[in-house]
Amino acid sequence: MLLGVLAVLAGCSTLNAPPKVDVAEPVYVQPQVVAVPVVNNGSIFQSASYRPLFEDHRARLVGDTITVQIVEKVSAVQKSTSSIDKSGELSAGVTALPGIAPNSFGRASAAGSSSNSFSGKGSTENSNDFSGTITAVVTGVLPNGHLLIAGEKQIGVNHNVDVLRFSGQVDPRAIQPGNSVPSAQIANVRIEHRGRGAQAEAQGIGWLARFFLNVLPI
């Protein structure tokens, strides 16, 4: 019986599992070891670890850091209205026929009418506003020079932990002075901001209530 109760509790704990955000893994990598060239040509330029001498420091190699200014504001509104109105009327009658008295058609008449109307309205609105700053690490460099970045920030206060995770693809030309880039100029952005601890648990529904919400048909 104890095993059965434990199994039920374990199943109930997954009834309200938070949706997963596909943040690129890993969120941290060690800088690659630069191989020493076999032939030392004495030149300043080395293709394996080239950094321009006359420019601000910018993320370029795996393991470099870059500051991401997260400014995401998305708003969408959709409205639709439909209206249909249709009506018709029909009347017919017989007044006279050869060889039959006219007063014989007093009730020989027919009439009909029909109407059809329809109206419908719909509205959908969605708004999302997110801002913040996170320093990410270059986890890979694509053949075209674009940087794959990922980062994670965790802040723990008492029994609560605030977690911010970020990943995306950066064009080096979008990197601004100060080695920063706005999130609006990053491709394939994945942002996850969640809390763990007593505060997050207080905002969730109890396991017994979640069980009945999933079992009851209404």
Restricting to the range 175-192, give me the number of residues that are open to solvent by 50 Å² or more (accessible area, probe 1.4 Å) and either among the β-branched types (Val, Ile, Thr) or part of a strand (DSSP E or B) (or both).
3
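Within the range 171-185, how many residues are under 15 Å from the mean Cα position of the chain (by Cα) and β-branched (Val, Ile, Thr)? Even if it seems obvious, please write down each step before you answer.
Step one: of the range 171-185, the residues under 15 Å from the mean Cα position of the chain (by Cα) are 183-184.
Next, from what is left, pick out any that are β-branched (Val, Ile, Thr): none.
Adding up the residues that qualify gives 0.
Restricting to the range 148-172, and then to whatever is farther than 21 Å from residue 63 by Cβ and not acidic (Asp, Glu), can you tell me which residue is least open to solvent (accessible area, probe 1.4 Å)? Step through it out loud before you land on a result.
Let us first name the residues in the range 148-172 that are farther than 21 Å from residue 63 by Cβ, namely 155-163.
Checking which are not acidic (Asp, Glu) leaves us with 155-161, 163.
Values: 155: 88, 156: 61, 157: 88, 158: 153, 159: 149, 160: 47, 161: 45, 163: 11 Å².
Top of the filtered list is 163.
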Can you say whether residue 195 is open to solvent by less than 30 Å² (accessible area, probe 1.4 Å), in contact with a strand residue (DSSP E or B) (Cβ under 8 Å, 6 or more places away or on another chain) and assigned to a strand (DSSP E or B), as far as the supplied structure shows?
no
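Taking the range 179-217 only, how many residues are touching a His at 6+ places or on another chain (Cβ under 9 Å) and either modelled with pLDDT under 90 or of a type in the set (A, V, I, L, M, F, W, C) (or both)?
Residues of the range 179-217 that are touching a His at 6+ places or on another chain (Cβ under 9 Å), as a first pass: 179, 187, 197-199.
Among the residues that remain, those that are also either modelled with pLDDT under 90 or of a type in the set (A, V, I, L, M, F, W, C) (or both) are: 187, 197-199.
Residues that pass the stated criteria total 4.
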Evaluate the range 50-73: report whether one residue or more is modelled with pLDDT of 70 or more, of a type in the set (A, V, I, L, M, F, W, C), exposed (fewer than 10 other Cβ atoms within 10 Å of the Cβ) and out of contact with any helix residue (DSSP H, G or I) (no Cβ under 6 Å at 6 or more places or on another chain).
no
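Evaluate the following for residue 42: is it in a loop (DSSP other than H, G, I, E, B), at pLDDT 65 or above and small (Gly, Ala, Ser)? It would help to see each step written out before you state the result.
On the way: in a loop (DSSP other than H, G, I, E, B): yes; at pLDDT 65 or above: no; small (Gly, Ala, Ser): yes.
Here the answer is no, as residue 42 does not meet what is asked.
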Expected single match for farther than 29 Å from residue 180 by Cβ, open to solvent by less than 40 Å² (accessible area, probe 1.4 Å) and out of contact with any His (no Cβ under 6 Å at 6 or more places or on another chain) among 120, 132, 140 is 120
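Residue-wise test of (1) under 18 Å from residue 24 (Cα atoms); (2) in a strand (DSSP E or B); (3) touching a helix residue (DSSP H, G or I) at 6+ places or on another chain (Cβ under 8 Å).
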{"position": "135", "(1), (2), (3)": "yes, yes, no"}
{"position": "138", "(1), (2), (3)": "yes, yes, no"}
{"position": "149", "(1), (2), (3)": "yes, yes, no"}
{"position": "152", "(1), (2), (3)": "yes, yes, no"}
{"position": "156", "(1), (2), (3)": "no, yes, no"}
{"position": "164", "(1), (2), (3)": "yes, yes, no"}
{"position": "173", "(1), (2), (3)": "no, no, no"}
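The values are calculated or read from the model by the stated rules, or taken from the named source; none is laboratory data. Everything numeric in this text was worked out from a predicted model, so none of it was measured. Because the Cβ atoms are built from the backbone with ideal geometry, glycine has one as well, and the counts that use them run over all protein chains shown. We work out accessible area using only protein heavy atoms, side chains counted, and drop any ligands, DNA or RNA first. Shrake-Rupley method; radii C 1.70, N 1.55, O 1.52, S 1.80 Å.
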